[in-house]
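Student: Have a look at this one before I ask anything.
The values are calculated or read from the model by the stated rules, or taken from the named source; none is laboratory data. Predicted model, so just to flag it, every value in this text is computed and none were measured. FYI the Cβ positions are ideal-geometry reconstructions off the backbone, even for glycines, and counts take in every protein chain you see. Keep in mind that these areas ignore ligands, DNA and RNA; they rest on the heavy atoms of the full protein, side chains included. Shrake-Rupley method; radii C 1.70, N 1.55, O 1.52, S 1.80 Å.
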Amino acid sequence: MQMFRVKENVYATQFHPELDVPGIVQRVRIYQHAGYFAPSEIEAVIARLTPAVLTHPGRLLANFVARYG
């Protein structure tokens, strides 16, 4: 994960802090034929993703908005 600011009003991230598990699963379904994994493995990929607990990206984004918002 990376985030940086250029001068006073340009910000960039190198990750997707807005994604939660349902959002990631949706992307897996959308990109299943893009070469990231064999399409036949989609259910196994989703099964590995589903138990993930994503708290830090949301907290990081909230802190960013609170500070620079």
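Student: In a Gaussian network model over the chain where Cα atoms closer than 10 Å are linked, find which of GLY35, GLY23, GLY58 has the largest mean-square fluctuation.
Tutor: It is GLY35.
Student: Still on this structure, please answer the following. For the chain, what does the accessible surface come to per residue with a 1.4 Å probe? Please give it in Å².
Tutor: Values: 5550 Å² over 69 residues.
On a per-residue basis, the chain sits at 80 Å².
Student: Using the Cα centre as the reference, give the magnitude of the dipole from point charges on the C-beta atoms of segment 5-44 (Lys, Arg: +1; Asp, Glu: -1; all else neutral), rounded to the nearest 20 debye. Please report the intermediate quantities before stating the final value.
Tutor: Working: 4 positive and 5 negative charges, 41 e Å.
With only Lys, Arg, Asp and Glu charged at Cβ, the dipole is about 200 debye.
Student: Starting from the chain, pick out the chymotrypsin sites (Phe, Trp or Tyr not before Pro) whose DSSP state is loop and whose Cβ has at most 14 other Cβ atoms within 10 Å.
Tutor: Details: sites: PHE4, TYR11, PHE15, TYR31, TYR36, PHE37, PHE64, TYR68; in loops: PHE15, TYR31, TYR36, PHE37.
Within the chain, the qualifying chymotrypsin sites (Phe, Trp or Tyr not before Pro) (loop, at most 14 other Cβ atoms within 10 Å) are PHE15, TYR31, TYR36, PHE37.
Student: Something else now. Rounded to the nearest 0.05, what FRET efficiency do VAL53 and HIS16 have when you use their Cβ-Cβ distance and R0 = 25 Å? Each step should come with its number before you reach the end.
Tutor: Working: r = 16 Å, r/R0 = 0.65.
The value I calculate is 0.95.
Student: Taking the Cα centre of the chain as origin, work out the dipole magnitude from +1 charges on Lys and Arg Cβ and -1 charges on Asp and Glu Cβ, in debye rounded to 20.
Tutor: Values: 7 positive and 5 negative charges, 51 e Å.
Roughly 240 debye for the chain.
Student: Let me ask you something else. What is the list of residues in segment 41-69 whose amide nitrogen lies under 11 Å from a point 7 angstrom out from the Cα of GLN26, following Cα to Cβ?
Tutor: So the set is empty, nothing qualifies.
Student: Something else about it: Based on the Cα gyration tensor of the chain, what are the three equivalent ellipsoid semi-axes, each the root of five times an eigenvalue, rounded to whole Å and given largest first?
Tutor: Result for the chain: semi-axes of 30, 14, 8 Å.
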